[in-house]
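*Asks:* Sharing a structure here in structure tokens format.
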Amino acid sequence: MGLILPYKEMWDRPLGGISEEKEVPHWFGNIAYVIVGAIFKLCFRYKVTDRENLRAFKGQSGVLLIANHTSFLDVAFMYLAARPSQWVRFMGRDTLFDNLGGLVGQILSRVGAFPVKRDSADRQAIKRATRMLKDREIVGILPEGTRRGKGSMKPELHAGAAFIARMGHAPILPMTVRNAENVKRKGERLRFPKITLEYGKPVLVGDFDFLPKAERLDACTWYAMRECFALSQHKSREEVDMVALFPDSTDYSAVFAEHPIPEHDSEEIVAALQRQREEESSS
């Protein structure tokens with residue numbers, strides 16, 4: 001069963017995809033899902049909507065799962081929403097893994113997480129995420145890098161999400177964890193609001209190839225994050241004020257108003273992938 005395993009060994013093992021290599025042991029992740037899921041269900045009465053947008057990709061394609069970041073509980077809820085039939089490999093800040101004498105690292109690694117160095121082009125993390133996507137696993141990223149409205153760091157948009165999706169030949173699936181920011185507000189007592197998790201429609205990086213090459217990845221990440229905020233705020237994508245949310249980022253509103261990005265269903269993407277594989281196997 002293996003009570004203690006080296007971090008790196010777990011980071012480089014598959015979890016939930018199609019690879020035939022030895023996986024990260026499932027027992028801890030399953031126990032954590034049952035215990036944490038029961039507590040969260042009792043405390044927050046959480047529900048998940050449009051989960052079929054994620055389920056359709058199971059065994060068919062890797063998926064880059066992204067969300068806006070408002071609470072320290074976002075990752076836990078995103079993990080619970082995908083279980084029990086799918087696992088999410090979260091990319092987490094590297095400094096977390098050594099906390100409590102390495103205990104946090106063991107917990108995070110056993111549920112599928114792996115580290116990334118913040119504010120740097122971490123090639124090792126990108127390589128791992130790309131391999132996971134190609135093995136048809138789910139990789140979870142919070143592109144803002146920090147919780148909105150918490151701490152001194154200002155949320156920013158980074159093109160890394162779109163870059164990893166392109167390298168891994170995977171769609172981006174926006175989602176949101178709605179109301180989690182109200183669990184603990186600064187200076188206020190702990191609350192237990194009802195939490196809703198909602199999945200959006202998948203976004204394909206290739207749909208942004210009409211833009212100059214230097215802008216494609218930035219624009220794709222911008223667009224996908226706008227989808228997250230549209231879900232979070234119960235608005236249409238055009239109503240989301242991305243300038244107010246990311247004042248230091250390029251505003252692509254006019255670009256996409258003139259050149260609308262096509263909407264896709266998960267089933268449509270999966271069907272196209274299946275046709276492509278059939279054609280490749282018969283050629």
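What follows is calculated from the coordinates using simple rules that are stated; it is not laboratory data. Keep in mind that what you see is a predicted model, and the values were worked out from it rather than measured. All Cβ positions, even for glycine, are placed from backbone atoms using ideal geometry, and neighbour counts span all protein chains on display.
*Asks:* Packing-wise, with mean Cβ within 10 Å as the measure, how do 80-90, 251-261, 4-14 rank, highest first?
*Replies:* Descending mean neighbour count gives 80-90, 4-14, 251-261.
*Asks:* What FRET efficiency do you get for residue 248 and residue 31 if R0 is 45 Å and r is their Cβ-Cβ distance, rounded to the nearest 0.05? Let's see the in-between values first.
*Replies:* Numbers: r = 42 Å, r/R0 = 0.94.
It comes out at approximately 0.60.
*Asks:* Among the DSSP beta bridges whose two residues both lie in the stretch 7-282, what percent are antiparallel, rounded to the nearest 5? Don't skip to the answer; put the middle values down first.
*Replies:* Numbers: 5 of 22 bridges.
Rounded to the nearest five, the antiparallel share is 25 percent.
*Asks:* Before anything else, pin down the relative contact order of the chain: Cα pairs under 8 Å, at least 6 apart, normalised by residue count, whole percent.
*Replies:* 23 percent
*Asks:* Ok, one more. What list of ³J(HN,Hα) values in whole Hz, one per residue of the stretch 49-66 in order, does the Karplus curve 6.51 cos²θ - 1.76 cosθ + 1.60 (θ = phi - 60°) give from phi, with Gly and Pro shown as x?
*Replies:* Taking θ as phi minus 60°, the curve returns 10, 6, 5, 4, 5, 8, 4, 4, 8, 4, x, 10, 7, x, 9, 9, 8, 10 Hz for the stretch 49-66.
*Asks:* Could I ask something else about it? For the pair residue 275 and residue 158, how long in nm is the line joining their label points, each one 7 Å along Cα→Cβ?
*Replies:* Result for the modelled spin labels: 3.7 nm.
*Asks:* Label residue 100 and residue 127 with points 7 Å out from Cα along Cα→Cβ: what is the distance between them in nm?
*Replies:* So the label points at residue 100 and residue 127 sit 3.1 nm apart.
*Asks:* So who's got an amide H within less than 5 Å of the one on residue 88, skipping anything under 5 residues away but keeping other chains? H placed 1.01 Å off N, in plane.
*Replies:* none
*Asks:* Okay, moving on. Just want the answer: with Cβ charges of +1 for Lys and Arg and -1 for Asp and Glu, which residue in 164, 97, 124 is farthest toward the dipole's positive end in the chain?
*Replies:* Working it through, the farthest residue towards the positive pole turns out to be 97.
*Asks:* List the residues whose amide H sits under 5 Å from the amide H of residue 63, counting only those 5 or more places along or on another chain, with H placed 1.01 Å from N in the peptide plane.
*Replies:* HN-HN under 5 Å from residue 63: 137, 138, 139.
*Asks:* Also: For a quick protection proxy, order the peptides 268-274, 124-130 by their average other-Cβ count within 10 Å, most packed first.
*Replies:* So the peptides 268-274, 124-130, ranked by packing, come out 124-130, 268-274.
*Asks:* Still on this model: For a label point 7 angstrom out from the Cα of residue 238 toward its Cβ, which stretches of the stretch 248-283 have the backbone nitrogen within less than 13 Å?
*Replies:* Output list for this probe position: 253-261.
*Asks:* Would you please put 56-69, 175-188 in order of how densely packed they are, using the mean number of other Cβ atoms within 10 angstrom per residue and starting with the highest? List each step's numbers first, then the result.
*Replies:* Values: 56-69: 23.1, 175-188: 17.6.
Top to bottom by mean Cβ count within 10 Å: 56-69, 175-188.
*Asks:* Moving to a separate point now. Using θ = phi - 60° and the Karplus relation 6.51 cos²θ - 1.76 cosθ + 1.60, list the HN-Hα couplings for the stretch 174-191 in order, rounded to whole Hz, with x at every Gly or Pro.
*Replies:* After applying 6.51 cos²θ - 1.76 cosθ + 1.60, I find x, 8, 8, 10, 8, 5, 5, 5, 8, 5, 9, 9, 4, x, 10, 6, 5, 10 Hz.
*Asks:* Distance between Cα centroids, the stretch 1-74 to the stretch 127-146: provide it in whole Å.
*Replies:* Cα centroid of the stretch 1-74 versus Cα centroid of the stretch 127-146: 12 Å apart.
*Asks:* Pairs to check: 8/117; 154/201; 8/127; 58/134; 134/201. Give those whose C-alpha atoms are more than 18 Å from each other in this structure.
*Replies:* 154/201; 134/201
*Asks:* Going by how many other beta carbons lie within 10 Å of each one, how would you line up 146, 250, 70, fewest first? Show your work: numbers first, answer last.
*Replies:* Numbers: 146 16, 250 13, 70 23.
Ascending number of Cβ neighbours within 10 Å: 250, 146, 70.
*Asks:* Given labels modelled 7 Å from the Cα in the Cβ direction, how far is it in nm from residue 210 to residue 42?
*Replies:* 5.3 nm
*Asks:* Right, next: Would you order 283, 249 from fewest to most other beta-carbon atoms within 10 Å of each residue's own beta-carbon?
*Replies:* 283, 249
*Asks:* Long-range amide H contacts for residue 17: which residues qualify at under 5 Å (H placed 1.01 Å from N, peptide plane, sequence gap of 5 or more or a different chain)?
*Replies:* Those qualifying (amide H under 5 Å, at least 5 residues apart or on another chain) number zero.
*Asks:* In whole Hz and in residue order, list the ³J(HN,Hα) couplings for the stretch 164-173 that follow from phi through the Karplus curve 6.51 cos²θ - 1.76 cosθ + 1.60, θ = phi - 60°; x for Gly and Pro.
*Replies:* 5, 4, 5, 5, x, 6, 10, x, 9, 10
*Asks:* Given charges of +1 on the Cβ of Lys and Arg and -1 on the Cβ of Asp and Glu, with all other atoms neutral, how large is the dipole of the chain about its Cα centre, in debye to the nearest 20?
*Replies:* In debye, rounded to 20, the chain gives about 1360.
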